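Okay, so here's the structure we're looking at.
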Amino acid sequence: MKNVLAQFNIVDFTVQKYDQTIKDLNAAGVGNPLGRLYHVVTLQPVGMLVTDVWESEESLNKFSETLIPILKKNGVTPARPTLLQVHNIIA
């Protein structure tokens, strides 16, 4: 099974909303979800770009079941990810 890179361009994500979302995910027991290998968030002129590497698309979908309601609670519009198959990772 190939790893998948997921990028989310979220224009209404602020640092405050991101930090609250992380707190809520930790409280829900999924702050470090099974199957997520890497998580990187970068600031943009408007919003944030969230980039994750997952063991599989199924792992991402399972995590999304908890993530999406938390994002909505925090006033964030969930974005559809751009999904790309990972060819190689050098860390």
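Side notes on the structure shown:
- Ranked from largest to smallest solvent-accessible area, with a 1.4 Å probe on the protein heavy atoms, V46, V15, V4 come out as V46, V15, V4.
- Folded to 0 to 90 degrees: helix 15-27 orientation relative to the chain principal axis, Cα: 70
- Qualifying trypsin sites (Lys or Arg not before Pro) for the chain [loop in DSSP, other Cβ within 10 Å: at most 16]: K2
- Contour excess over end-to-end distance, with Cα ends at H39 and Q7 and 0.36 nm allotted per residue: 10.5 nm
- Relative to the dominant Cα principal axis of the chain, helix 57-73 is inclined by about 0°.
- With every protein chain in place, region 1-63: carbon and sulfur % of accessible area (1.4 Å): 56
- Evaluated with a Cβ-only charge set (Lys, Arg +1; Asp, Glu -1), the chain carries a dipole of roughly 120 debye about its Cα centre, given to the nearest 20.
- Inverse of mean 1/r across different Cα pairs in region 1-53, Kirkwood, Å: 12.0
- Heavy-atom accessible area per residue - the chain, 1.4 Å, Å²: 65
- Lysine pairs in the chain whose alpha-carbon atoms fall under 16 angstrom of each other, counting only those eight or more residues apart or on distinct chains, come to 4.
- Once the Cβ-Cβ distance of E65 and V15 is raised to the sixth power relative to R0 = 25 Å, the FRET efficiency obtained is 0.50.
The values are calculated or read from the model by the stated rules, or taken from the named source; none is laboratory data. Model, not experiment: these values are computed from the prediction. So basically every Cβ, Gly included, is an ideal-geometry build from the backbone, and we count neighbours across all protein chains shown. The accessibility values were calculated without ligands, DNA or RNA, using every heavy atom of the protein model including side chains. Shrake-Rupley method; radii C 1.70, N 1.55, O 1.52, S 1.80 Å.
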